[in-house]
Amino acid sequence: MSVLNILLEGLGQLGAGIGAGLAAIGAGIGIGNIGKSALESLARQPEVGGDIRTNMIIAAALIEGVALFAVVVCMLGLFQ
């Protein structure tokens, strides 16, 4: 292998690691914002707590799913 190929492979691994980390951080921030908004909504209207909780769980699951796909894509790029 030439030096350029080794360098490009290392940059690819670095990019995959950074991408997976950013996906995890983004998901954490997104789910945190959902929780914050849900708590503020519950404080204003406690009688609709069940609906708010259901919507919060669905939104958090969708964000987590997207983050999982992003991490899987980064890992696929890492091992190819």
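In terms of packing, defined here as the mean over residues of other Cβ atoms within 10 angstrom, the peptides 61-71, 8-18 line up highest first as 61-71, 8-18. Between 0 and 90 degrees, the angle of helix 3-44 with respect to the longest Cα principal axis of the chain falls at about 0 degrees.
Taking square-rooted eigenvalues a ≥ b ≥ c of the alpha carbon gyration tensor, is region 20-61 rounded, prolate or oblate, where a/c under 1.5 means rounded and, failing that, a/b exceeding b/c means prolate? Oblate, since a/c reaches 1.5 and b/c is not below a/b. Which label marks the calculated value of Cα extents along the principal axes in Å, given the options (1) 67, 16, 7; (2) 52, 27, 27; (3) 29, 28, 19? Recomputing Cα extents along the principal axes in Å here gives the entry labelled (1).
Return one number: the angle in degrees, 0 to 90 and rounded to the nearest 10, between the long axis of the Cα atoms of helix 49-78 and the longest principal axis of the Cα atoms of the chain. That works out to roughly 0 degrees. Projecting label points 7 angstrom from Cα along Cα→Cβ for GLU9 and MET75 puts them 2.1 nm apart. The value of relative contact order for the chain, using C-alpha pairs under 8 Å at least six residues apart, is 51 percent. Split the accessible area of the chain by element, probe 1.4 Å, and carbon with sulfur accounts for 71%.
The values are calculated or read from the model by the stated rules, or taken from the named source; none is laboratory data. The structure displayed is predicted, hence computed values, not measured ones. A quick note on method: Cβ atoms are made from the backbone with ideal geometry, for glycine too, and the neighbour counts reach across all protein chains shown. Ligands, DNA and RNA are excluded from the accessible area calculation, which covers all protein heavy atoms including side chains. Shrake-Rupley method; radii C 1.70, N 1.55, O 1.52, S 1.80 Å.
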